[in-house]
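A short write-up of the structure that comes next.
The values are calculated or read from the model by the stated rules, or taken from the named source; none is laboratory data. Just so it is clear, the model here is predicted, and its values are computed rather than measured. Neighbour counts run over all protein chains shown; Cβ positions are idealised from the backbone, glycine included. Just so you know, the surface numbers come from the protein's heavy atoms only, side chains and all, with ligands and any DNA or RNA stripped out. Shrake-Rupley method; radii C 1.70, N 1.55, O 1.52, S 1.80 Å.
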Amino acid sequence: MPFSHRSTLTQYLIEQRRRFPSAGGDFNALILDVALACKAIARSVAFGELGHGIGNGNGAPQAAAGGEINVQGEIQKPLDVISNRLFTRMNETGGYCAGMASEEMQGPYQIPAPHPRGKYLLVFDPLDGSSNIDVNVSVGSIFSVLRAPQDAIDSGRDATVDDFLQPGSAQVAAGYALYGPTTMLVLSVGSGVVGFTLDPNLGEFMLTHPGIRVPQDTQEFAINASNSRFWEAPVKRYVDECLAGKTGPRAKDFNMRWIASMVAEAHRILMRGGVFMYPRDTKDLAKPGRLRLLYEANPVGFLIEQAGGRASTGREPVLDVKPTSLHQRVSLVFGSKIEVERIEKYHAEPKQVEYASPLFAARSLFRD
Ligand code: AHG
Ligand code: MN
Ligand code: MN
């Protein structure tokens, strides 16, 4: 391994750059600005209720903000707004970004004058799982780095929506910060996945998890089962087979988890395997899924695939989806490769008109 077990994020990035001598320093500086935003958000999150109205020392706007409805039609929490502002503020001055886009902003964020514009597009979910804030459960920030089109770099023009509509496979880097019992930054610059833990004494992200790999197989799944009546047949089948456990077709027992912060679920899966599903369902036919392609599914998909797992819509690799709008939603299944492939296989099978649940089958409990 080319870096020591306890390098800082900065040292890790410098080491990576040595491997690609043609790379400029802008990319590293951008990641460090993102990390700075995440450190500031970690502090705001850590203040909890105490942060409301008393100032939290990092210059963040106060919690009076929020309560508005965002572009998703969801109520913004004060910390959604604060986190979004910290991301834009920390990344607008360095000259590395050509523009930004976020869950909390309708359109692209333009780098304001007099700051120079750079060659990367930064896309983020500033606070993922924000419904968990009020109950003191882990939340995080998710980010994706894309290259700006050459004409935007050359001219320094405003970023357009079209500039951001790149498939996940075009990502230069992706990562997330997780604000849990410890604050972690998990990152891929396209050569595997590494994890850093924030040392609260030093204020530095220290490399604690080099070479993260998702175990190929698993006995753990995550899905919001309250939507089960809206699921499509392949998903119903997969979950029913997991629930049937040892005596069912899988011949093994499964465990289930649901945190309602996708970033925390992604982290668990990167650490010990598992499969996560937020599939397309019939609850609201106008929505092809719950999660957002550009700043949730793509960065997490990139990390999972870089760690040897698989990320899919159920029908195609999520990183192959060509986006058509900034806030597009998508069906998402990711995690241990063998399980995700099984779910894809169920989707590919000829349409089952009505899936026969084992609970209601001929020899079941509910037979009349
Ligand atoms: P956000 O807080 O950014 O809006 O994202 C929440 C997402 C995701 O993190 C989580 O997996 C999912 O919404 C939770 O959905 P349910 O409310 O259906 O549990
Ligand atoms: Mn989110
Ligand atoms: Mn969010």
Among (1) open to solvent by 30 Å² or more (accessible area, probe 1.4 Å); (2) at negative phi, where does residue 140 come up short? (1)
Can you tell me which residue within segment 273-287, out of those that are within 16 Å of ligand 2 (Cβ to nearest atom) and either part of a helix (DSSP H, G or I) or not aliphatic (A, V, I, L, M) (or both), is surrounded by the fewest Cβ atoms within 10 Å (Cβ to Cβ)? 287
Can you work out which of the residues in segment 122-152 that are more than 13 Å from ligand 2 (Cβ to nearest atom) and among the small types (Gly, Ala, Ser) is nearest to residue 264 (Cα to Cα)? 148
Given the conditions (1) under 20 Å from residue 344 (Cα atoms); (2) open to solvent by 30 Å² or more (accessible area, probe 1.4 Å); (3) modelled with pLDDT of 95 or more, and given that residue 255 satisfies all but one, which numbered condition is not satisfied? (1)
Need at least 3 residues that are out of contact with any His (no Cβ under 9 Å at 6 or more places or on another chain) and within 16 Å of ligand 3 (Cβ to nearest atom) per element, so show me which strands (runs of 3 or more DSSP E) inside segment 154-272 make the cut, counting only ones lying wholly within it. 173-179
Could you please tell me which pairs satisfy a Cβ distance under 7 Å, a separation of 6+ or placement on different chains, a first residue in segment 209-232 that is open to solvent by 60 Å² or more (accessible area, probe 1.4 Å), and a second residue that is part of a strand (DSSP E or B)? 219/255
Screening 89, 147, 117, 85 for residues that are more than 17 Å from the chain's Cα centre (by Cα), open to solvent by 40 Å² or more (accessible area, probe 1.4 Å) and within 16 Å of ligand 3 (Cβ to nearest atom) leaves only 85
All but one of (1) under 16 Å from residue 164 (Cβ atoms); (2) within 16 Å of ligand 1 (Cβ to nearest atom); (3) open to solvent by 20 Å² or more (accessible area, probe 1.4 Å) hold for residue 124; state the number of the condition that does not hold. (3)
In this structure, is residue 177 crowded, with 16+ Cβ neighbours inside 10 Å, more than 16 Å from ligand 2 (Cβ to nearest atom), hydrophobic (A, V, I, L, M, F, W, C) and farther than 15 Å from residue 292 by Cα? no
Some residue of segment 94-101 being closer than 20 Å to residue 326 by Cβ, part of a loop (DSSP other than H, G, I, E, B) and open to solvent by less than 20 Å² (accessible area, probe 1.4 Å): no
Residue in segment 102-112 that is at pLDDT below 95, surrounded by 15 or more Cβ atoms within 10 Å (Cβ to Cβ) and within 16 Å of ligand 1 (Cβ to nearest atom) present: no
Matching residues, segment 72-120, being in contact (Cβ under 8 Å) with a residue 12 or more places away in the chain and β-branched (Val, Ile, Thr): 81, 82, 88, 93, 111
